[in-house]
Amino acid sequence: MHSSVKLVFGLCVAGLVASGCARGPGPNVYESREVNQAAAVERGTIVSIRPVSVEGTGHTGTLIGGAAGGVAGSFIGGDWRSNLLAGIAGAVAGGVAGGALERSMTGRVAAEFIVQLESGGTIAVIQDNEDGLRVGDRVSVLRGQRTRLVPSRG
């Protein structure tokens with residue numbers, strides 16, 4: 001394998017692994033833009049919990065896989081036409097494979113919480129269950145840029 005192809009392939013794998021390890025904000029993790037932002041707080045009781053699948057993203061994997069496939073494919077063939085066609089085919093195949101790989105690495109199982117609010121309404125919130133919430137638990141519903149459920153403390 002040509003050394004530049006090895007380098008691009010290595011960078012692509014590293015990018016996919018890094019993107020697969022990143023988690024989105026959960027009930028206990030905030031993005032920096034959310035700091036010092038007011039959130040309305042309501043109290044409620046969890047009446048139902050069920051597991052739900054959260055689809056992963058494939059944007060970065062598609063781009064990296066497409067670039068790697070294009071570079072790798074461009075070395076196949078003898079003349080410029082063969083190189084071009086192989087590069088295009090490699091970019092398409094690499095993009096599809098990279099996107100699928102990233103989606104499989106970033107997808108996860110979360111929980112859908114149905115909460116009966118003290119105000120009388122009912123809401124559904126999907127988030128990770130980092131706090132081990134159960135049916136019957138009292139929660140605070142934080143409504144800011146995102147809606148979050150946290151255990152009610154008092």
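The values are calculated or read from the model by the stated rules, or taken from the named source; none is laboratory data. Computed from a predicted model, the values in this text were never measured in an experiment. We place every Cβ from the backbone using ideal geometry, glycine too, and count neighbours over all the protein chains shown.
For this structure, a couple of remarks:
- Considering the stretch 96-126, the residues that are touching a Gly at 6+ places or on another chain (Cβ under 6 Å), modelled with pLDDT under 90 and buried (at least 16 other Cβ atoms within 10 Å of the Cβ) include one that is nearest to R50 (Cα to Cα), namely T106.
- The stretch 127-154, subset exposed (fewer than 12 other Cβ atoms within 10 Å of the Cβ) and without any contact (Cβ under 8 Å) to a residue 24 or more places away in the chain, residue farthest from G44 (Cα to Cα): G132
- If the condition is being at pLDDT below 95 and part of a loop (DSSP other than H, G, I, E, B), then the stretch 135-147 contributes G144, Q145, R146.
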